[in-house]
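Here's the structure we're looking at; comments come further down.
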Amino acid sequence: MPELPEVESVRTGLEKLIKGKKITNAKVLWPRIIAEPNRIEDFEQRIVGQTIHSIDRRGKFLIFHLSKDVLISHLRMEGKYRIEKKEVPFSKHTHVILELDEEAELRYLDVRKFGRMSLIEHSELENHPSLKKLGPEPIEEGLLIEPFQLNLKKRKKSIKAVLLDQTIVAGIGNIYADEILYEASIHPERYADSLKVEEVQTLRTAILDVMRKAVAAGGTTIRTYQNAFGETGAYQAQLNVYGRSGLNCRRCGNTIEKIKVAQRGTHFCPVCQD
Ligand SMILES: [Zn+2]
């Protein structure tokens, strides 16, 4: 599943390629991708004629600012955007086609069909249910230490589960949760409310560092992820625990283990993260 760094890479790619373009036709081939409006015909009619002014991101959500409306898009497991010439045949995994300036097409592909799009009015954006409960972005000025500490104190569950909770910090998924906890030398099964003040500070720094480096690397490519240019990310070369079970810890030489925490495969070093 794409996490914040991968979605950010998709965002910057799309912005370079389609900013300023006008949507001249729209076709939805798999209706369930469209969460709002209810009727697919309404989506198709409303979006045609609108220009793509900019593309933002919040957590793992892409936010297309159009001339009249806003399109919120969540890629979930396997959603992808592709820009193709109109004459290029589309694959069976293509579910939404937006024609741009009567020349190219922005195509949404999704093998698992879990991704969702909502076309809403600008005024609805701030209070939209998908975005309203999101926690802060994992950046210096977003993730403030005091509210973060308070949130952890209130949670009697594993720190891994809490990092995956989008209401605490937005954008972290399974890969980066493991990398962050390794960086902070915290065992993934530790209860969030048991962390000492210094540990919370170390954890916050690890969140900021890991996410900044992963964004700079264009995200992590495991299996199929590519950005809108068809480029892959490069952060997989920097992974310390994710996908490395059975290999040696780069810090202490011990064997990286894989266990289940919060129903997710979790990688850690039993020595460094004691
Ligand atoms: Zn180690």
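Solvent-accessible surface (1.4 Å probe) assigned to Lys27 amounts to roughly 110 Å².
Around the Cα centre of the chain, unit charges on the Cβ atoms of Lys, Arg, Asp and Glu (plus for the first two, minus for the last two) sum to a dipole of about 780 debye. Computed from the C-beta positions of Phe90 and Thr255 and an R0 of 45 Å, the FRET efficiency is 0.50 to the nearest 0.05.
Summed over qualifying helices (DSSP H, 4 residues or more, each -39500 (n - 2.57)) and divided by its residue number, the chain shows a 222 nm mean residue ellipticity of -8000 deg cm²/dmol.
Applying the Karplus relation 6.51 cos²θ - 1.76 cosθ + 1.60 with θ = phi - 60° to region 57-67 yields 3J(HN,Hα) values of 9, 9, x, 9, 9, 8, 10, 8, 8, 9, 4 Hz, where x marks Gly and Pro. Here the Gaussian network model covers the chain, with springs between Cα atoms less than 10 Å apart; of Glu121, Glu140, Glu87, Glu87 fluctuates the most. Note: relative contact order over region 145-268, using C-alpha pairs below 8 Å and six or more positions apart, is 24 percent. Measuring against 18 Å, Cα to Cα, the residue pairs Lys22/Lys132; Lys16/Lys85; Lys157/Lys213; Lys132/Lys153 contain Lys22/Lys132; Lys157/Lys213; Lys132/Lys153 as the ones spanning a longer distance.
Close amide H contacts of Arg57 (hydrogens built in the peptide plane, cut-off under 5 Å, sequence separation of 5 or more or a different chain): Ile63. Enter the Cα centre distance for the pair region 190-212 and region 124-167, rounded to the nearest angstrom. When both Cα centres are located, 13 Å separates them.
3J(HN,Hα) couplings calculated from phi for region 232-237 with the Karplus curve 6.51 cos²θ - 1.76 cosθ + 1.60 (θ = phi - 60°) are, in sequence order, 9, x, 10, 6, 4, 5 Hz; Gly and Pro show x.
Computed with a 1.4 Å probe over protein heavy atoms only, the accessible area of Lys68 comes to about 140 Å². Just so you know, the Rg over Rh for region 4-132 is 0.92, from Cα atoms, with Rh as the Kirkwood radius.
The values are calculated or read from the model by the stated rules, or taken from the named source; none is laboratory data. Owing to the predicted nature of the structure, the values given are computational and were not obtained by experimental measurement. Here Cβ is always computed from backbone atoms with ideal geometry, including for glycine, and neighbour counts include all displayed protein chains. Protein only, heavy atoms only, side chains kept; ligands, DNA and RNA dropped before computing areas. Shrake-Rupley method; radii C 1.70, N 1.55, O 1.52, S 1.80 Å.
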